[in-house]
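One structure below.
The values are calculated or read from the model by the stated rules, or taken from the named source; none is laboratory data. Note that the coordinates shown come from a computational prediction; the quantities given were computed from them, not determined experimentally. Cβ placement follows ideal geometry from the backbone for every residue including glycine, while neighbour counts extend to all protein chains displayed. Only protein heavy atoms, including side chains, enter the accessible area calculation; ligands, DNA and RNA are left aside. Shrake-Rupley method; radii C 1.70, N 1.55, O 1.52, S 1.80 Å.
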Amino acid sequence: MTSLNNSGLQKTVAVIGGGPAGLMAAEVLAAGGMQVHVYDAMPSVGRKFLLAGKGGMNLTHSEAYDDFLSRYGARRPQIAPLLDQFSPDALRAWVHALGIDTFIGSSGRVFPADMKAAPLLRAWLHRLRQAGVGFHMRHRWLGWNEAGTLSFDTPQGPLTVDADSVVLALGGGSWARLGSDAKWVPLLTQREVPVAPLRPANCGFEAGWSDYFREHFAGHHLKSVAITFNEGEQPALRKQGEFVITADGVEGSLIYALSAGLRDRIAANGSALIHLDLLPDWSLRRVTDEVARPRGARSWSSHLQSRLGLKGVKTSLLRELVPAADFGQPLLLAQAIKALPLTLLAARPIDEAISSAGGVRFEGMDPGLMLKALPGVFCAGEMLDWEAPTGGYLLSACLASGRAAGNGVLSWLR
Ligand SMILES: Cc1cc2nc3c(=O)[nH]c(=O)nc-3n(C[C@H](O)[C@H](O)[C@H](O)COP(=O)(O)OP(=O)(O)OC[C@H]3O[C@@H](n4cnc5c(N)ncnc54)[C@H](O)[C@@H]3O)c2cc1C
């Protein structure tokens, strides 16, 4: 079915931003009979999507839907209606329809069979081109000109584009070199669109290591540890997993899982205190008994290794953070092994983060994701004001919001 505008021509929709959210909007729009043009500032689309595939592309999560929705925290009421229209099961079916198998990992996360993003993106772009979607690369959107027409900077010079409707899917503020440089923020705030400040999400933190520890242990993984973080009013959060020591501090999946609360605590108080449990499967009593056994002539390192299996970066972290005098007191040392205090001083810069929080506020949009301040302009993806941990929740909401924006345009144009 083809939709015509007042001039009797097929209606055109400009999708600006060719990440997963924009591509999904383009797919829905092409299927709805629109002439769709995707514009992107980069030489090719889906660069962050492809990077996400490097460490194993995590598409979505297989946990119970209610638990899944809880990962969107305070934005659950806004994100749930989008996911209701494109659930984790629907996402998997959509991937299968592109000829890509998926599997559920031991953590419940859903991956493409080969863990890669490239075959999926290739199949998707092929299908979009067959549906008539036009792609315009190296087209940087600069806002609107005085006549209200879209303005682009292109290799051929300035270009203006008239479209019946627009979907903005410009991404968040992390990894600017992949295209998502957040230069859209002033373009929208100038037009009275409410935008919450962008902040790092799923990010690392600075810990102020000593030169010795940084030089010897940056890059080392701490496996099977738990972190407790007391978020204030709430009961303390305890999560188990692994993370990495960096030159500046800590990062990795266990840190990301707590990063929203840590970031907000640092913003409010100047630092955030976490407690590391280096032996989460051992009781304090058992650790204390083992630490208290006679050490003889052995060093502390070999004592802890032989009695508790503690070694390498874990022992060195104790040395880094525990006062030397406490090593002589079994109970204090055992307490440190079970609840080692670590003060985090700052979130790492947004450009290094996996994703960003903040963005176009939901109050500024209608349920179809159209901007109230700019009728006919819709927004989707990470540029909206929500955040979620890693685990497939980011792509799930980006794709679902792209679909919702595409459907929003179809309803509006009809
Ligand atoms: C290292 C890494 C690993 C990740 N792994 C996962 C994972 O396994 N699972 C998961 O769910 N999520 C993962 N993510 C997050 C996920 O990739 C992003 O949330 C998702 O790509 C955001 O989609 P989007 O379409 O909103 O924006 P983006 O993918 O950022 O796309 C935005 C597009 O807009 C274009 N653009 C921006 N400004 C302009 C402009 N002015 N003019 C024209 N074009 C413009 C950009 O060039 C870009 O192509 C990962 C992210 C990173 C960095």
Please state which one of Gly406, Gly381 is more than 10 Å from the ligand (Cβ to nearest atom), in contact (Cβ under 8 Å) with a residue 40 or more places away in the chain, under 24 Å from the mean Cα position of the chain (by Cα) and over 30 Å from Gln305 (Cα atoms).
Gly406
Which of the residues that make up the stretch 44-82 are in a loop (DSSP other than H, G, I, E, B), of a type outside the set (Phe, Trp, Tyr) and either in contact with a helix residue (DSSP H, G or I) (Cβ under 8 Å, 6 or more places away or on another chain) or away from the ligand (no atom under 11 Å from the Cβ) (or both)?
Val45, Gly46, Gly53, Met57, Asn58, Leu59, Ser62, Glu63, Ala64, Arg71
Condition set outside any loop (DSSP other than H, G, I, E, B) and at pLDDT below 95, scope the stretch 1-22, selection surrounded by the most Cβ atoms within 10 Å (Cβ to Cβ): answer is Gln10
Quick one: Ala324 ticks every box in (1) touching a residue at least 12 places away in the same chain (Cβ under 8 Å); (2) over 22 Å from His221 (Cβ atoms) bar one, so which box is it?
(1)
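Being open to solvent by 70 Å² or more (accessible area, probe 1.4 Å), modelled with pLDDT of 95 or more and touching an Asp or Glu at 6+ places or on another chain (Cβ under 8 Å) is true for just one of Leu142, Leu128. Which residue is that?
Of the residues listed, the single one that is open to solvent by 70 Å² or more (accessible area, probe 1.4 Å), modelled with pLDDT of 95 or more and touching an Asp or Glu at 6+ places or on another chain (Cβ under 8 Å) is Leu142.
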Among strands (runs of 3 or more DSSP E) lying entirely in the stretch 141-217, which contain 1 or more residues that are closer than 18 Å to Ala347 by Cβ?
195-201
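In the stretch 117-160, how many residues are on the phi > 0 side of the Ramachandran plot and either within 13 Å of the ligand (Cβ to nearest atom) or touching a Ser or Thr at 6+ places or on another chain (Cβ under 9 Å) (or both)?
Of the stretch 117-160, the ones on the phi > 0 side of the Ramachandran plot are 132, 138, 143, 148, 157.
Within this subset, residues satisfying the condition of being either within 13 Å of the ligand (Cβ to nearest atom) or touching a Ser or Thr at 6+ places or on another chain (Cβ under 9 Å) (or both) are 138, 143.
Count: 2.
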Might you check whether a residue that is assigned to a helix (DSSP H, G or I), farther than 22 Å from Trp144 by Cα, open to solvent by 20 Å² or more (accessible area, probe 1.4 Å) and near the ligand (Cβ under 9 Å from one of its atoms) occurs anywhere in the stretch 23-40?
no
Restricting to the stretch 83-93, what's the tally of residues that are more than 14 Å from the ligand (Cβ to nearest atom) and part of a helix (DSSP H, G or I)?
5
Of (1) more than 23 Å from Gly208 (Cα to Cα); (2) open to solvent by less than 20 Å² (accessible area, probe 1.4 Å); (3) within 16 Å of the ligand (Cβ to nearest atom); (4) touching a strand residue (DSSP E or B) at 6+ places or on another chain (Cβ under 9 Å), Ala400 satisfies all except one. Which?
(4)
Within the stretch 231-243, does at least one residue satisfy the condition of being within 12 Å of the ligand (Cβ to nearest atom) and of a type outside the set (Ser, Thr, Tyr)?
no
Kindly indicate whether Ala163 is within 10 Å of the ligand (Cβ to nearest atom) and either buried (at least 20 other Cβ atoms within 10 Å of the Cβ) or closer than 18 Å to Val193 by Cα (or both).
no
From the list Arg199, Arg214, which one is within 19 Å of the chain's Cα centre (by Cα), at pLDDT 95 or above and among the charged types (D, E, K, R)?
Arg199
Of the residues Arg71, Arg76, which single one is open to solvent by 10 Å² or more (accessible area, probe 1.4 Å), free of Cβ contacts under 8 Å to residues at least 12 places away in the same chain and basic (Lys, Arg)?
Arg76
